[in-house]
Amino acid sequence: MLGLRGEQGKFGRLEPRPTAIGLLVSGRLEKGVFAVEWTQEFREPRHIRPYLDNGYLLTEINRLLWVDKGGKIIDSYTHPFFAFLHTVSLNSTRKKALVVSSGYDAVFEIDLQTKAETFHWFAWEHGFNPDEEGVWLAVSEENYSRYTKEGKKALKIGPSDYGEQGVLTARRSAHPNVGVYDSFEEEKSIVISIGHKGSLYRIGLSDEKTQLVSEFLSPMPHGLFRFEDGWVINDTTKGEWWQMDASFMPKHRYSFRTLGGKVSECGDAEWIQQVVPVGESLALALDANRGLIAIDLGKKRYTTYRPDENWCIQDALEVVS
């Protein structure tokens, strides 16, 4: 089971932990198991996207990596406020990448050619303040000074004070965990998921205007994708996958809660990390408590595949040979 529920109801860790070594894995689904072809070690990799003709963009704990199809690093992208990185999304020109830095409640756009930051959004500057302990979080000295003068209990956040994991998960005020370009808005805006609230927000790339667009999900949703004429997203802790229209109104729900094969120690807990659409009628669900579930949406059938029981699978994509 992924995640810990803190004293205040949030999912996340209350104490620091060592950075874990994870894997990029290539393999095949066959005969009820995931057959491994090769693995490469990385420091907490979480999200992967195809990039150009010869590789992928992969988020590591505090770096965005460009790796080839064998997992070898071609180039890397860093930023002082990259920490506990989650998703990466490419714009239509494939020249810019949107990176979600959950460790600092932030989202950044990076020019992949110059490596320069072209946009940033900190949740603390857009309504997600103070935290649940009443502390006002600030990145800039200007905001920190203003909060202090107003008599507020304030904390200035700097990368040198927190490192590659950023602020502890349960202490973040927002915990954004997915961000994508909004193609319905001609990529003039982005859509992000706020993990602690289970809500979706649209953010303007020119003015940082932040607008609530959905709040029907439970805390810690994952896997927001453009799909057909709308969107899909996982209600992770409810064990559900939702299809939504272009305005984020729910249309269809697929529930995993009644499926067999869940590890008994998990009890009633559910954790659907991702559901990855494959073609028009297939999808692959990454179920932390059951394994990999291949779904035929048209025939309404599914097959479960068992990966290594020590793995905590974060993301997947189809590799076309």
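The values are calculated or read from the model by the stated rules, or taken from the named source; none is laboratory data. Keep in mind that this is a model prediction, so the values were computed, not measured. All Cβ positions, even for glycine, are placed from backbone atoms using ideal geometry, and neighbour counts span all protein chains on display. The area values use the complete protein model at the heavy-atom level, side chains included, leaving out ligands, DNA and RNA. Shrake-Rupley method; radii C 1.70, N 1.55, O 1.52, S 1.80 Å.
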TODO: Return the calculated 222 nm mean residue ellipticity for the chain, to the nearest 500 deg cm²/dmol, obtained by summing -39500 (n - 2.57) across DSSP H runs with n ≥ 4 and dividing by the residue count.
DONE: -1000 deg cm²/dmol
Open item on the list: Going by amide H atoms built from the backbone, whose H comes under 5 Å of the H on VAL213, apart from near neighbours?
Closed with: LEU200, TYR201, ARG202
Task: Amide H contacts under 5 Å for PHE42, placed H, 5+ residues apart - done: GLY22, LEU23, LEU24
- [ ] Please sort 24-32, 114-122 by packing, taking for each peptide the average over its residues of neighbouring beta carbons within 10 angstrom, highest first.
- [x] 114-122, 24-32
Open item on the list: If packing is taken as the average number of other Cβ atoms within 10 Å across a peptide's residues, how do 139-150, 208-219, 269-280 rank, most packed first?
Closed with: 269-280, 208-219, 139-150
- [ ] Estimate the FRET efficiency between GLU133 and ARG17 by the formula 1/(1 + (r/R0)^6), using the beta-carbon distance for r and 22 Å for R0, to the nearest 0.05.
- [x] 0.60
Task: Per residue solvent-accessible surface (Å²) - the chain, probe of 1.4 Å - done: 48 Å²
Task: Derived scalar couplings ³J(HN,Hα) [region 146-160; Karplus, 6.51 cos²θ - 1.76 cosθ + 1.60; whole Hz; x for Gly, Pro] - done: 5, 4, 5, 5, 7, x, 8, 6, 10, 9, 8, 9, x, x, 5
- [ ] Kindly rank 98-111, 72-85 from highest to lowest mean number of other beta carbons found within 10 Å of each residue.
- [x] 98-111, 72-85
Open item on the list: Modelling each spin label as a point 7 Å along the Cα-to-Cβ direction, I'd like the SER145/PHE225 distance in nm, to one decimal.
Closed with: 4.8 nm
Task: Sequence-distant lysines (8 or more away, or on other chains) whose Cα lies within less than 26 Å of LYS300 - done: LYS31, LYS238, LYS251, LYS262
TODO: Heavy atoms only, probe 1.4 Å: what % of the accessible area of region 69-200 goes to carbon and sulfur, would you let me know?
DONE: 47 percent
Task: Two-site FRET efficiency, VAL278 against SER160, from Cβ-Cβ distance with R₀ of 45 Å, rounded to 0.05 - done: 0.60
Open item on the list: Please list 3J(HN,Hα) in residue order for region 217-230, calculated via the Karplus relation 6.51 cos²θ - 1.76 cosθ + 1.60 where θ = phi - 60°; whole Hz, with x for glycine and proline.
Closed with: 8, 7, x, 6, x, 9, x, 7, 9, 6, 8, 6, 9, x
TODO: Once you have the Cα-Cα distance between SER206 and TYR302, take 0.36 nm times their residue separation minus that, and quote the gain in nm to one decimal.
DONE: 30.2 nm
TODO: In whole Hz, with x marking every Gly and Pro, tabulate ³J(HN,Hα) for region 255-272 from phi via Karplus 6.51 cos²θ - 1.76 cosθ + 1.60, θ = phi - 60°.
DONE: 9, 9, 5, 8, 6, x, x, 7, 4, 4, 5, 7, x, 8, 5, 10, 7, 9
- [ ] Counting residues in the chain as N, plug N into 2.2 N^0.38 Å and put the Cα Rg over that result.
- [x] 0.98
